[in-house]
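The values are calculated or read from the model by the stated rules, or taken from the named source; none is laboratory data. No experiment lies behind these values; they were computed from the predicted model shown. Cβ placement follows ideal geometry from the backbone for every residue including glycine, while neighbour counts extend to all protein chains displayed.
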Amino acid sequence: MGAFLDRGVDAPGIDLDKTWEFTPEVEEGDEVGPTDVVGTVPETESIEHKVMVPPDYEGGEVAAVESGTFDVEETVVELANGEEVQMRQEWPVREQRPAEEKRTPRTPLVSGQRILDGLFPIAKGGTAAIPGPFGSGKTVTQHQLAKWADADIVVYVGCGERGNEMTEVIEDFPELEDPKTGKPLMSRTCLIANTSNMPVAARESCIYTGITIAEFYRDMGYDVALMADSTSRWAEAMREISSRLEEMPGEEGYPAYLAARLAEFYERAGKFENLNGREGSVSAIGAVSPPGGDFSEPVTQNTLRIVKTFWALDADLAERRHFPSINWNESYSLYRDQLDPWYRDNVAQDYPELRQWAIDVLDEEGELQEIVQLVGKDALPEDQQLTLEVARYLREAWLQQNAFHDVDTYCEPTKTYRMLQAIETFNDEAFDALDAGVPVEEIQDIDAAPQLNRMGVAEDYEEFISDLEDDIATQLRELY
Ligand code: ADP
C-alpha cells in the first residue's frame with residue numbers, strides 16, 4: 001500500500017498464496033487434544049514450525065492426515081468430530097492462550113551484556129523493564145537483547161517509536177549471525193513495526209499481537225523473548241483512545257485501567273507447561289520512556305509494581321559516556337537467588353560470591369564518593385583509596401561495554417566471570433602489597449593494571465586474562 005495505510009483497508013497477516021512443506025507427526029486413529037503437534041514445517045533456517053491443534057478445539061481421533069505442500073488455509077489434518085486443522089491459526093490477541101500451569105523459571109536469559117548477566121539477570125520466562133530518559137540507551141539495550149539473548153525466538157515490537165529506528169533493525173539484523181547456530185539472526189526474529197506515524201488504534205493492539213505470537217511459539221515448546229519499545233507509547237495510545245471514548249480519566253489523563261492493562265500484559269510472560277505437555281517460556285522486556293526521565297509518572301510506577309527486573313537507565317551516566325548506562329545502585333533483579341544454582345553449575349561454583357564481592361565494592365565506592373566530594377580523595381586513608389581504584393576498574397573494565405565493538409558487543413557468561421576474577425586478583429594482590437608497606441600511588445602505577453580495561457575487547461580472552469593476572473601478580477610483588 002506504500003508508505004501509508006489507507007483508511008479501512010484489510011490485509012492478511014500472512015501470505016495466503018505461499019505454500020509450505022508439511023510433514024505429519026500423527027497417523028489416522030491417533031488421539032489429539034488442544035495444542036498437540038500434528039506436524040512440522042521448516043519455517044526458516046533455524047525454526048521448525050510445529051503445526052498444532054488450535055487451543056479452542058475439543059480434539060479427538062484423527063480421521064485423515066495429509067502430507068506434502070500446502071498453503072496455510074488448506075486442511076492438513078481432519079478430526080473424527082469434524083474439526084479441521086490448518087497451518088494457520090486465529091486467536092483473539094487480547095486473550096491469553098491457555099496453558100497447563102505456570103512454573104518457577106530457573107534458567108537465565110543470557111544476554112551477553114555483562115551488567116545484565118552479571119548483576120541483574122532476567123530468567124527465561126521473566127519480566128523486565130528498562131525505563132530511561134531520551135537518549136540514555138533504551139533502544140540500543142533492546143537491540144542488544146534482540147540480537148544476543150539466547151532465546152529460540154525473538155519478537156521485537158517497535159511501538160510508536162521513530163521509523164528510522166525500525167529501519168535500522170530491518171537493515172542490521174539480516175547481516176548478523178546467531179552466535180549459537182551461526183545462522184542469520186533474522187531467521188529467528190519476528191518484527192512488528194508500528195512507527196509513530198501509524199494510527200493509534202494499531203499501536204494499542206500491536207503489543208497484544210506481539211505477546212500472542214510469543215505465546216504461539218511458546219506452545220510449540222520454544223523459549224521466546226519479547227521486547228517492546230516502548231510501552232509508554234502504548235500507554236499513550238490507550239490514553240488517546242480512552243479519551244475519545246469519553247471514559248473517565250485517571251492519573252495524568254491515563255485511563256483508570258492503565259495498571260490493570262500493564263499487569264495483564266506482563267502476566268502473559270512466564271515459564272509454562274503447555275497443554276500439549278511441552279515446556280516453553282515467554283520473557284517480556286518492556287522499555288519505558290518517562291517524559292523528562294521522571295520515574296514517578298504513572299506508566300513507570302505501575303510497571304515497577306509488576307516486573308521483577310528493573311534496569312534503570314541513567315542520563316548522567318550516558319552523559320559521561322558510560323554505556324550501557326544502567327545505574328547499578330538503582331537497578332535490581334528479583335531472580336538472582338533462583339538463578340544462582342544455574343550459575344554455579346554452568347559458569348563457576350563461586351560465581352554468586354564473586355558477584356557479591358563486586359556489589360559490595362561498588363556500594364562502598366558509593367559511600368566513599370560522598371566523602372571524596374567533601375574533602376577530596378587524598379584525605380582518605382590508603383586502603384580506601386585503593387578500594388576506589390578497584391571500584392573504578394569494576395565500572396570501567398567490567399560494567400562498561402561497547403555495543404558497537406565487534407568483540408565487546410557480546411560477552412559470554414564465562415568471560416563475564418573471568419573478567420571479574422581478574423579484577424579480584426588485582427584487588428587481592430594490591431591489598432597484599434599495601435599491607436607490606438607499598439604506597440598506594442606505586443600500586444596504582446603498575447603497567448599491567450590499565451590493561452584490565454582491554455579485557456572486554458580481547459579476542460582470545462582466556463589467554464589474555466591469564467597472562468594479565470600473572471603480570472599483575474609479578475609486578476605488584478616486585479614492589480616489596
Ligand atoms: P533512547 O532509545 O533511550 O533514546 P538510544 O538507545 O538511541 O537512546 O541511545 C542513544 C545513544 O547512546 C546511541 O546512539 C549510542 O551512541 C549510545 N549508546 C547507548 N548504549 C550504548 C552502548 N551499550 N554502547 C555504546 N553506545 C551506546
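Things to note:
- Total residues in region 340-363, condition touching a strand residue (DSSP E or B) at 6+ places or on another chain (Cβ under 8 Å) and in the same structural domain as T387 (by TED's automatic domain parsing): 0
- Each residue in region 20-38 was checked for being out of contact with any Pro (no Cβ under 7 Å at 6 or more places or on another chain) and closer than 18 Å to K50 by Cβ, and 13 pass.
- Note on region 180-237: residues that are closer than 19 Å to R162 by Cα and in a helix (DSSP H, G or I) amount to 16.
- Subset of region 139-168 (residues that are within 12 Å of the ligand (Cβ to nearest atom) and of a type in the set (A, V, I, L, M, F, W, C)): V140, L145, W148
- Within region 34-74, the residues that satisfy the criterion of being farther than 23 Å from E215 by Cα and buried (at least 17 other Cβ atoms within 10 Å of the Cβ) are V62, V65, F70.
- Some residue of region 438-458 being at positive phi and touching a residue at least 40 places away in the same chain (Cβ under 8 Å): no
- Sole residue being within 14 Å of the ligand (Cβ to nearest atom), under 30 Å from T416 (Cα atoms) and touching a Gly at 6+ places or on another chain (Cβ under 9 Å), chosen from A269, A318, A284: A318
- Some residue of region 196-208 being under 30 Å from G2 (Cβ atoms) and within 16 Å of the ligand (Cβ to nearest atom): yes
- Members of region 361-410 found to be among the hydrophobic types (A, V, I, L, M, F, W, C) and under 30 Å from D172 (Cβ atoms), listed by number: A397, W398, L399, A403, F404, V407
- Some residue of region 366-375 being more than 16 Å from the ligand (Cβ to nearest atom), under 15 Å from L116 (Cβ atoms) and either surrounded by 13 or more Cβ atoms within 10 Å (Cβ to Cβ) or outside the structural domain of Q401 (by TED's automatic domain parsing) (or both): no
- Yes/no for V76 being more than 16 Å from the ligand (Cβ to nearest atom) and part of a strand (DSSP E or B): yes
- Checklist (1) surrounded by fewer than 17 Cβ atoms within 10 Å (Cβ to Cβ); (2) of a type outside the set (A, V, I, L, M, F, W, C); (3) over 30 Å from D294 (Cβ atoms) applied to G163, failing item: (3)
- Qualifying residue in region 429-443 (condition: within 31 Å of the chain's Cα centre (by Cα) and surrounded by 20 or more Cβ atoms within 10 Å (Cβ to Cβ)): no
- Residues in region 403-419 that are in a loop (DSSP other than H, G, I, E, B) and either within 8 Å of the ligand (Cβ to nearest atom) or not acidic (D, E) (or both): A403, F404, H405, V407, T409, Y410, C411.
- Qualifying residue in region 376-387 (condition: in a helix (DSSP H, G or I), of a type in the set (G, A, S) and touching a residue at least 60 places away in the same chain (Cβ under 8 Å)): no
- Where strands (runs of 3 or more DSSP E) sit wholly within region 1-72, those with at least 1 residues that are within 27 Å of R188 (Cα to Cα) occupy 19-24, 37-42, 48-52, 68-71.
- Matching residues, region 287-311, being buried (at least 22 other Cβ atoms within 10 Å of the Cβ) and either within 13 Å of the ligand (Cβ to nearest atom) or not assigned by TED's automatic domain parsing to the domain that holds V110 (or both): A287, V288, S289, W311
- Residue within region 97-105 that is outside any strand (DSSP E or B), more than 24 Å from F310 (Cα to Cα) and touching a helix residue (DSSP H, G or I) at 6+ places or on another chain (Cβ under 7 Å) present: yes
- Here is the figure for region 266-302: residues that are assigned to a helix (DSSP H, G or I) and either touching a Leu at 6+ places or on another chain (Cβ under 9 Å) or closer than 23 Å to R106 by Cβ (or both) total 6.
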